[in-house]
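This report concerns only the one structure given below.
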Amino acid sequence: MLLLSRSDIKKAITMREAIEANKKVFQLAVDDKIDSPLRTVMLAKDGNSTFIFMPAYSPDMDAAALKVINIFPQNIDKGLLSSPAQVMLIDGETGYVSALLDGATVTQIRTGASSGAAFDVLAKKDCRKGALIGTGGMAAMQLAGMVEARKLEEVKIFDMNEERCRKFIEVMQEELSEYGTKFIQAKDSDDCIEDADLIITVTPSPVPVFDGTKVKAGATISLVGAYEPHKRELDPAVLPRTSKIFCDLRDAALAETGDLIIPIADGIITEDDVLGSLGDVLKGTIAGRESDDEIIIYDTVGFAAMDLMAAKVIYDNAVKAGIGTTWE
Ligand SMILES: NC(=O)c1ccc[n+]([C@@H]2O[C@H](COP(=O)([O-])OP(=O)(O)OC[C@H]3O[C@@H](n4cnc5c(N)ncnc54)[C@H](O)[C@@H]3O)[C@@H](O)[C@H]2O)c1
């Protein structure tokens, strides 16, 4: 069994590879080629934190995986990750565990690559400005997915914690220097999104994190943070001007995120307005962007097969490159 740490994983996969891996798994998912029972969620004794067990099996990948991810929102104040995790990758031929991967890193990469894949597929070709709201544990890979998908001049970044935002920008300017994009701390969320072609929100907020009337025509918005029915980041004010809504997996998003559940309950949109999954667009069964003026929303809640696919690519690359520690 191979043990793959955070630094091993970062050496073993590029953001481009992660985006392409997501595109494949999104298509497998809409073709019903993934066996993925519902995740098991247990509430911790504080009544707020959760333990989550996410299994998936893909005969096409000849592998299965189980991710254990635990959401402890208060961790950020202790200088810890809010979503510590591990992914166990299992060989489809023998049932042996082939690798144990740092699941927080796998989650961050595959989720960043989810926004990256959505922008690749749904954003207009000529994008210059980006916006990122939220600079916690997931944010670095979101920014990486965004700049990988489109060549941007600048990305404005906002977090309600100014100091965290400042430090994040300092680190990311260095880490993503090869892209030549300028990262700027926004004064507030309006300043952040006003001029943006690409917008990502990645916060645990229960209320909208930006003013929907300020979104410019042609923008593509990736909503990442809200994975529970009572949480939302999207201001419904943008919905009347939105021409298309897609999800990573339509049924899962409709069941899980307040970004869709709340405006549907309020009668602002209907389920029919949620056109489909990104895999449908990739397969060509549903049209994606048809004009540069359309505002398009992408909602990603994540699903276990994304972890399986990312873990498989990371493991295969790591074996080829001799990365990781073998546990006999
Ligand atoms: N879609 C997916 O597949 C997926 C995967 C993993 C995590 N998530 C979710 O993404 C969200 C972010 O995760 P994380 O690990 O980065 O969280 P985190 O706690 O590490 O960071 C969240 C950041 O958001 C900021 N924030 C909160 N409310 C804000 C607001 N209204 N405006 C601006 N900034 C605000 C906080 O100050 C903090 O810096 C969580 O809700 C998590 O559950 C989604």
Original post:
What's the extension gain from T94 to D266 if we count 0.36 nm per residue and subtract their Cα-Cα distance?
Top reply: 56.9 nm
Subject >> Filtered GluC sites (Glu not before Pro), region 72-165: DSSP coil and at most 14 other beta carbons within 10 Å >> reply: E93, E153
Original post:
How many nm is it between the label spots at D211 and T40, if each spot is 7 Å from the Cα in line with the beta carbon?
Top reply: 4.8
Subject >> Mean-position separation - Cα centroids, region 35-70 and region 181-196, in angstrom >> reply: 35
**OP:** Would you work out which of L223, T270, S49 lies farthest towards the positive end of the dipole of the chain? Charges go on Cβ: Lys and Arg +1, Asp and Glu -1.
**Re:** S49
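Can you tell me the FRET efficiency between D251 and E328 if r is taken as the Cβ-Cβ distance and R0 is 45 Å, rounded to the nearest 0.05?
Working from the Cβ atoms, E equals 0.60.
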Subject >> Stretch gain in nm, segment D77-K125, where the contour uses 0.36 nm per residue and the Cα spacing is subtracted >> reply: 13.4 nm
**OP:** For region 1-130, give the magnitude of the charge dipole about the Cα centre (Cβ charges: +1 Lys/Arg, -1 Asp/Glu; no others), in debye to the nearest 20.
**Re:** 680
Subject >> Extension gain, K10 back to E162 (0.36 nm per residue minus Cα-Cα distance, nm) >> reply: 52.0 nm
Subject >> Inter-part distance where region 107-143 and region 300-328 are each reduced to a Cα centre, Å >> reply: 21
**OP:** Please identify every one of the trypsin sites (Lys or Arg not before Pro) in region 56-143 that sits in a loop by DSSP and has no more than 11 other beta carbons within 10 Å of its own beta carbon.
**Re:** K125
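Computed from the coordinates by the stated procedures, all read-outs in this text should not be read as laboratory data. Everything quoted here is computed from the prediction, not taken from an experiment. Heads up, the Cβs are rebuilt from the backbone with ideal geometry, glycines too, and the neighbour counts pull from every protein chain shown.
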